[in-house]
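Below is one structure, written out as structure tokens; the observations come after it.
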Amino acid sequence: MNIPNDLRYSKTDEWVRVEGDIATIGITDYAQSELGDIVYVELPEAGRVLQTGEMFGTVESVKAVADLYSPVAGEVVESNPAVTERYELLNEDPYGQGWLIKVQLADPTQVENLLTAEQYAAYIEERRKA
Amino acid sequence: MATQDSGLQRTPLAEIHPQMGARMVEFAGWWMPVQYGGIIQEARAVREGVGLFDISHMGRFHLRGAEAIPALETLTTNDVSALTDGAAQYSLLTNPHGGVIDDIIVYRLSSDHLLVVVNAANADKDKGWIQQHLPPSVTLEDATAQTAMIAVQGPKAIELVSRLFAQNLAELPRFHVTSGRWSGYPVLVARTGYTGEDGVELIIDASAAGLLWNALHKAGAVPCGLGARDMLRIEAGYPLYGHELNEHINPIEAGLGWVVSKSKEFIGADVIRRVREQGAARKLVGLELQGRMVARQGYPVQVNGQTVGEITSGTFSPTLQKSIAMAFVNSEYARTGSEVQVNMRGKPVPARIVSRRFVHHV
């Protein structure tokens, strides 16, 4: 399972990469592998203001549908046009070309409350055993 | 990934699947591969080449005795007596209310020997039901544990198995069964399947299952899991018990009147006959949906906000690049071409009623 060290994670299996006051958000390798072949993604328009924990979209695979929750608060500045053209990007490259949205953070220090790679790995392990 | 539960039944191939990269899940009390490389990739292999499925979880019952055919005749909807040696038929076990106990394949191996293949989820129930109705002269042998069943499906399946078995299976008609031999082992070869493609289903002694699986794989067949199997059967418009069929669904509603004999008597025949004469209140239909969201079992089918039916199965069809589904819909709305909406978690998505045979090449 790929869990890059330089990202932060949510318990709902999103990752966050912060550059300045912009957070890029996507789903983790674990999430895409649990979902299997992804066939549809619904993402918000730029300008939408998200609260922490707010649902911002859905990912649908052959097997299941999963809601997406924003790990941070802020305004959506962009959603990835490439993933709605090629849904496979979410399976093939969840941390790269398969990113979902960019959010202008209301509070850039907020990400420090999110899980580190190590904590997220432990959390996956915990769920596997459950 | 789920961890293995020791209470689950294991097919003779259960060791091989995880070694080949399969993700394993519980299905109908069995520890089964749900996918290897990816469901879409596996489904595509079956549509374009050859796929390989472990279907050993399906129940396999041998009925033997001079009275085997008349005995099964009273339990099933299709005409067992119409079968000749080596022929097979799709059929249904029905209850006194005309509801479907299971959908099955009946193979006539000889005049006093039938093989009945049933769904894993219903195997115990079916066995009890059949045994309860057999005369003492007919025996039921459950061969599920001693044998493996492997489906080889796809446009190149017949060629591949013919080569491996050094036997011309192109001559075996569809819905027929013959005895084959591979590497010294006897194999029952049936030209049947659940994918909408040509192919065979092979039954072999459990001890040789791994060898045969590996040989088929080496010859080019792509291992497929239950995920691809489900996607393919939805594309082909085949019902799955628990989705399109159950004990409260009449065969006529499910569009299976073609496997219900009009001339013979069997359990539930009178109720089914009445539904056939009066017309079913609801019908199983195919749906083509707008967009790519997947319609899942239980989603309401609506017309102007009014619920007129319910989704039974749905998937994203990689072959058609469309979201497709099956649903039971009130008969007045079941006409092909009718426009309906599927309520997908609060969102009405336009859909059109179409033939259930979305992708069907056999």
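If you go through segment B:197-214 and keep only what is more than 20 Å from B:ALA14 (Cβ to Cβ) and surrounded by fewer than 23 Cβ atoms within 10 Å (Cβ to Cβ), you end up with just B:ASP198. Taken together, the criteria exclude B:GLY337 from residues that are within 13 Å of chain A (Cβ to nearest Cβ) and free of Cβ contacts under 8 Å to residues at least 24 places away in the same chain. The strands (runs of 3 or more DSSP E) found wholly in segment B:229-339 and carrying at least 1 residues that are among the aromatic types (Phe, Trp, Tyr), within 26 Å of A:GLU42 (Cβ to Cβ) and under 25 Å from the mean Cα position of the chain (by Cα) occupy B:306-317.
Scanning segment B:37-57 for residues that are outside any helix (DSSP H, G or I) and either surrounded by 24 or more Cβ atoms within 10 Å (Cβ to Cβ) or at pLDDT below 95 (or both) yields a count of 8.
What's the number of the only condition in (1) over 14 Å from the mean Cα position of the chain (by Cα); (2) away from chain B (no Cβ under 14 Å); (3) polar (S, T, N, Q); (4) surrounded by 14 or more Cβ atoms within 10 Å (Cβ to Cβ) that A:SER79 fails to meet? Evaluating A:SER79 over (1) over 14 Å from the mean Cα position of the chain (by Cα); (2) away from chain B (no Cβ under 14 Å); (3) polar (S, T, N, Q); (4) surrounded by 14 or more Cβ atoms within 10 Å (Cβ to Cβ) leaves (1) as the failure.
Take B:THR144 and decide whether it is hydroxyl-bearing (Ser, Thr, Tyr) and either under 25 Å from B:ALA71 (Cα atoms) or free of Cβ contacts under 8 Å to residues at least 24 places away in the same chain (or both).
Values: hydroxyl-bearing (Ser, Thr, Tyr): yes; either under 25 Å from B:ALA71 (Cα atoms) or free of Cβ contacts under 8 Å to residues at least 24 places away in the same chain (or both): yes.
Judged against the criteria, B:THR144 is a match.
A single entry from A:VAL65, A:VAL41, A:VAL59 fulfils the requirement of being under 26 Å from B:TYR36 (Cα atoms), within 14 Å of chain B (Cβ to nearest Cβ) and either free of Cβ contacts under 8 Å to residues at least 24 places away in the same chain or under 10 Å from the mean Cα position of the chain (by Cα) (or both): A:VAL65. Within segment B:312-334, if we keep just the residues that are within 14 Å of another protein chain (Cβ to nearest Cβ) and of a type outside the set (Gly, Ala, Ser), the residue that is nearest to B:GLN41 (Cα to Cα) turns out to be B:PRO318. Evaluate the following for A:TYR87: is it part of a helix (DSSP H, G or I) and either within 12 Å of chain B (Cβ to nearest Cβ) or surrounded by 16 or more Cβ atoms within 10 Å (Cβ to Cβ) (or both)? Criteria not met by A:TYR87. Could you tell me whether B:LEU114 is outside any loop (DSSP other than H, G, I, E, B), closer than 29 Å to B:HIS243 by Cα and either away from chain A (no Cβ under 14 Å) or at pLDDT 95 or above (or both)? Yes: the conditions hold for B:LEU114.
The values are calculated or read from the model by the stated rules, or taken from the named source; none is laboratory data. What you see is a predicted model, and the numbers here were worked out from it, not measured in a lab. Neighbour counts run over all protein chains shown; Cβ positions are idealised from the backbone, glycine included.
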